[in-house]
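For reference, the structure is listed below as structure tokens.
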Protein chains: 2
Amino acid sequence: MNDRKQQVIIKAHELFIDRGFQATSIQDILDYTNISKGTFYNYFSSKNELLIALFKSLLEEMETKRNSLMTGKDAANIDVFKKQIETQMNTNRKNRLLTLFEEVVLSPDEDIKEYIKESQARMLQWVYHRFEDLFSVDSKPYLLDCAIMFLGILHQNTKYYARTHGSTVNIQLVVNYTVNRIEKIVKEVTDSGEQLIEPDDLKNWLPDAELKDQSRKEQLNYAVLCMKKKLKGSADCSHYYELLEFIRDEFTQSNEPRYHLMKSALTTLQTTIPESVTEDLMKIEEIIGGQARA
Amino acid sequence: MNDRKQQVIIKAHELFIDRGFQATSIQDILDYTNISKGTFYNYFSSKNELLIALFKSLLEEMETKRNSLMTGKDAANIDVFKKQIETQMNTNRKNRLLTLFEEVVLSPDEDIKEYIKESQARMLQWVYHRFEDLFSVDSKPYLLDCAIMFLGILHQNTKYYARTHGSTVNIQLVVNYTVNRIEKIVKEVTDSGEQLIEPDDLKNWLPDAELKDQSRKEQLNYAVLCMKKKLKGSADCSHYYELLEFIRDEFTQSNEPRYHLMKSALTTLQTTIPESVTEDLMKIEEIIGGQARA
DNA sequence: GATTAAATTGAACCGATGGTATAAACTGTT
DNA sequence: AACAGTTTATACCATCGGTTCAATTTAATC
């Protein structure tokens, strides 16, 4: 993206942070960034589009940061999850992302509404999948309910905790408290067997592209899992694992997976693994293949 | 309030419901209500003030409805609470109250922001006090946390439940599910002893007037309780109870307690109760006295 | 260094908005 | 009939988001 355009987004973000979106006029942005109205509408077709561009930029940053906290770590470790949530809360507070969301989520602009809905569904989906990592399979039918409740509790807790402790809030404390609660809720709801929303419904809240992407990630995850099982006990086992896990992390967690790096790891594997699993490897290559970038 | 002014509020409300607040202009309201701009600004000093007037009207209606569901019922009965929440959710959905709140909670207008914050705190306070009725004293230090979480869960659940079931949502189901969860959470959090927010902090979120009002209600509640204890076993005991409970309900639950009715009940009591409790009765009279209206 | 394409400027302009001002018309009361 | 209070209609204001466009500056090409 154009350097200057990115600069305008950043500067506008500063204005939004201390005045809010609605309260800053386009003229304010022009004055503050020293660009002309013509240039502005050359970059963005409307004030709302600028906001969406800002959202995209912030969310991308957030996702990469969140995912980078996972690589190499144990997905089932609750402390990793806590750290991820904590980081997201902090960058969110710094950027006023949720505040900006709330400010325009009910604006008359359909594009913005749709975009925010999608983003929220994506966040929900992420929590849901992390819960799959964290809790037992018995709980799976209830994990969407739990993800929904988790976000509700977290949001509400931070809101009122901030109201008493001002800007000196200890996010870590709130996150810890909230995660502790949801752990017990998951257990309780699994015991009682009460379900409010079917996890499959989650799919209807996300755009198709997102879904195909997600399903491919799941396929690869499964393929890697199968392969690891077959390789278990063989010579150089840990060597294979390292390469496989790298491919998996890169593909499932990076926003822009480094295609050639994964390809290289695949080639290395192809020349070293036992013949009995070459078929599985080809399967993996096939899944990744579709994701190739120019 | 002026009849016509009230009509304008109602008509404007209709427009807000199907277009949203921001998307309906003052001109829209003028056309729809057939009043002139001059009259509008004679009634309301701004579009925002009209909205606040609407909020006040809706919230008052909601509170009276909510409280009327309590009179004569057992405050410790969870089903009564469920019914109250359900009713509030339904009238709220009909009126789009929460939607309107969300739409303007972050508007540049300070008055609106302040008003909404207060309303939310009042709702929170109500849930907190109802939780005091519902759960044991051991849980008291954790009930504010629970009230906060309850509202978060409820809000989030209805949001996503509606996303799958459209407008044909079964509110009762969501309320039931959510209350079931919070019951377990109260138990769990009481056992673990974890606290996030001190219940006393609630006082800082409410205006002073509200607080004095609330404290007087608590005083009266306590005074009635003491008196009932002393009267226990005496002749005409149930007769006294009836009068005392009426006074209590009227004073603590009605938005505009019927002063003369309470006074009449008090006089009846004064002439019939044993001398040993006349002092307690005077205490009650004193508490109510300050509440008198012209 | 001249040519050319692209990016930028700035000002004029648009319709709609929330809000103001005011003189005239209408209303009910005594 | 006289009165005050309410309501009306209209003209007016500044600001907003957004459009248009000719003129100028910038940067890449040969």
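The values are calculated or read from the model by the stated rules, or taken from the named source; none is laboratory data. Fair warning: this is a prediction, and the values are worked out from it, not measured in the lab. Reconstructed Cβ throughout: ideal geometry from the backbone, glycine too, with neighbour counts over all protein chains shown. Just the protein is used for accessible areas: all its heavy atoms, side chains included, with ligands, DNA and RNA removed. Shrake-Rupley method; radii C 1.70, N 1.55, O 1.52, S 1.80 Å.
Among the numbered conditions (1) open to solvent by 20 Å² or more (accessible area, probe 1.4 Å); (2) under 28 Å from A:ILE197 (Cβ atoms); (3) facing chain A (nearest Cβ under 10 Å); (4) under 20 Å from the mean Cα position of the chain (by Cα), the only one that B:GLN172 does not meet is (3). What number of residues within region A:183-240 are surrounded by 16 or more Cβ atoms within 10 Å (Cβ to Cβ) and part of a loop (DSSP other than H, G, I, E, B)? So the count comes out to 3. When B:TYR142, B:TYR177 are checked against the criterion of being of a type in the set (Phe, Trp, Tyr), facing chain A (nearest Cβ under 8 Å) and surrounded by 15 or more Cβ atoms within 10 Å (Cβ to Cβ), B:TYR177 stands alone in meeting it. Within the span defined as region B:125-148, one or more residues are more than 30 Å from A:ARG19 (Cα to Cα) and β-branched (Val, Ile, Thr).
Restricting the search to region A:24-39, which residues are open to solvent by less than 40 Å² (accessible area, probe 1.4 Å) and more than 11 Å from A:ALA12 (Cα to Cα)? Walk me through how you get there before you give the answer.
Taking region A:24-39 and keeping what is open to solvent by less than 40 Å² (accessible area, probe 1.4 Å), we get A:24, A:26, A:29-30, A:33, A:35, A:39.
Matches in region A:24-39: A:ILE35, A:THR39.
Of everything in region B:7-49 that is near DNA strand C (Cβ under 7 Å from one of its atoms) and of a type in the set (Lys, Arg), the residue that is farthest from the other protein chains (Cβ to nearest Cβ) is B:LYS37. Surrounded by 17 or more Cβ atoms within 10 Å (Cβ to Cβ) and either on the phi > 0 side of the Ramachandran plot or within 11 Å of DNA strand D (Cβ to nearest atom) (or both) - does that describe any residue in region A:53-70? No; the residues of region A:53-70 include none that is surrounded by 17 or more Cβ atoms within 10 Å (Cβ to Cβ) and either on the phi > 0 side of the Ramachandran plot or within 11 Å of DNA strand D (Cβ to nearest atom) (or both). One residue stands out among those in region A:74-117 that are among the acidic types (Asp, Glu) and within 12 Å of another protein chain (Cβ to nearest Cβ): the one that is surrounded by the fewest Cβ atoms within 10 Å (Cβ to Cβ), which is A:GLU110.
What helices (runs of 4 or more DSSP H) lie completely within region A:1-73 and have 1 or more residues being touching a residue at least 40 places away in the same chain (Cβ under 8 Å)?
Where helices (runs of 4 or more DSSP H) fall fully within region A:1-73 and carry at least 1 residues being touching a residue at least 40 places away in the same chain (Cβ under 8 Å), they are A:3-19, A:37-43, A:47-68.
Only one of the numbered conditions (1) open to solvent by 40 Å² or more (accessible area, probe 1.4 Å); (2) part of a helix (DSSP H, G or I); (3) touching an Asp or Glu at 6+ places or on another chain (Cβ under 7 Å) is violated by A:MET123, and that is (3).
Does at least one position in region B:147-168 carry a residue that is more than 10 Å from every other protein chain (Cβ to nearest Cβ) and open to solvent by less than 20 Å² (accessible area, probe 1.4 Å)? No, there is no match, as no residue in region B:147-168 is more than 10 Å from every other protein chain (Cβ to nearest Cβ) and open to solvent by less than 20 Å² (accessible area, probe 1.4 Å). Total residues in region B:1-40 satisfying the condition of being more than 8 Å from DNA strand D (Cβ to nearest atom) and either of a type in the set (S, T, N, Q) or assigned by TED's automatic domain parsing to the domain that holds B:ILE112 (or both): the figure is 7. Number of residues in region B:244-271 that are surrounded by 12 or more Cβ atoms within 10 Å (Cβ to Cβ) and more than 24 Å from the chain's Cα centre (by Cα) equals 7. Among the residues making up region B:40-52, a single one is surrounded by fewer than 16 Cβ atoms within 10 Å (Cβ to Cβ) and under 30 Å from B:GLU86 (Cα atoms): B:GLU49.
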